[in-house]
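Note sheet for the following structure.
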Amino acid sequence: MKIAIGSDHAGFPLKQQIVPLVRALGHEVVDFGTHSTDPVDYPDYAEKVGLSVARGETDRGILFCGSGIGA
C-alpha cells in the first residue's frame, strides 16, 4: 500500500518514529513534510496529503500534528 504522510512542526518527532514502522510493515511511504521542527502551518501539509489521497496517487494518508484534534 502507498501511504501519504505529513506533519506540522509539532508532529514531526512522532512522524519520525512512525515512518520506519510503516515501511517495516511493507508499505511505501510518500513523505510530504515537514522535515524539521521549524514552525510551519499545518494546513499546508494536510492539504498535500489529502489531495494525494483524493487524486488516487496514494492509497491512504496519515497526518501528525501538535494539537491532536486531527488536521
### Summary
For G61, the residues 5 or more places away or on another chain with a placed amide H closer than 5 Å to its own amide H are A4
### Task
Taking each pair of different alpha-carbon atoms in the chain once, compute 1/r for the pair, average those values, and report the inverse of that mean as the Kirkwood hydrodynamic radius in Å to one decimal.
11.8
### Task
Using θ = phi - 60° and the Karplus relation 6.51 cos²θ - 1.76 cosθ + 1.60, list the HN-Hα couplings for the range 55-61 in order, rounded to whole Hz, with x at every Gly or Pro.
7, x, 6, 10, 7, 8, x
### Query
Using a 1.4 Å probe on the protein chains only, how many percent of the accessible area of the chain belongs to carbon and sulfur?
52
#### Entry: Within the range 31-64: backbone nitrogen closer than 19 Å to the L21 label point (7 Å, Cα to C-beta)
31-34, 60-64
### Summary
Long-range amide H partners of S7, meaning residues 5 or more apart or on another chain whose placed amide H is closer than 5 Å, are G33, T34, F64
### Summary
Over the chain, with neighbouring protein chains present, the accessible area per residue in Å² at probe 1.4 Å is 61
#### Entry: Simple Cβ-charge dipole of the chain, Lys/Arg +1 and Asp/Glu -1, about Cα centre, in debye nearest 20
260
### Query
Is it possible to state the helix-based mean residue ellipticity at 222 nm for the chain, with each DSSP H run of 4+ residues giving -39500 (n - 2.57), the sum divided by total residues, to the nearest 500 deg cm²/dmol? What is it?
-11500 deg cm²/dmol
### Message
Can you order the peptides 52-58, 6-12, 30-36 by their average number of other Cβ atoms within 10 Å per residue, highest first?
### Response
6-12, 30-36, 52-58
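The values are calculated or read from the model by the stated rules, or taken from the named source; none is laboratory data. What you see is a predicted model; the values in this text were computed from it and never measured. Cβ coordinates were reconstructed from backbone atoms using ideal geometry, including for glycine residues, and neighbour counts include every protein chain displayed. The area values use the complete protein model at the heavy-atom level, side chains included, leaving out ligands, DNA and RNA. Shrake-Rupley method; radii C 1.70, N 1.55, O 1.52, S 1.80 Å.
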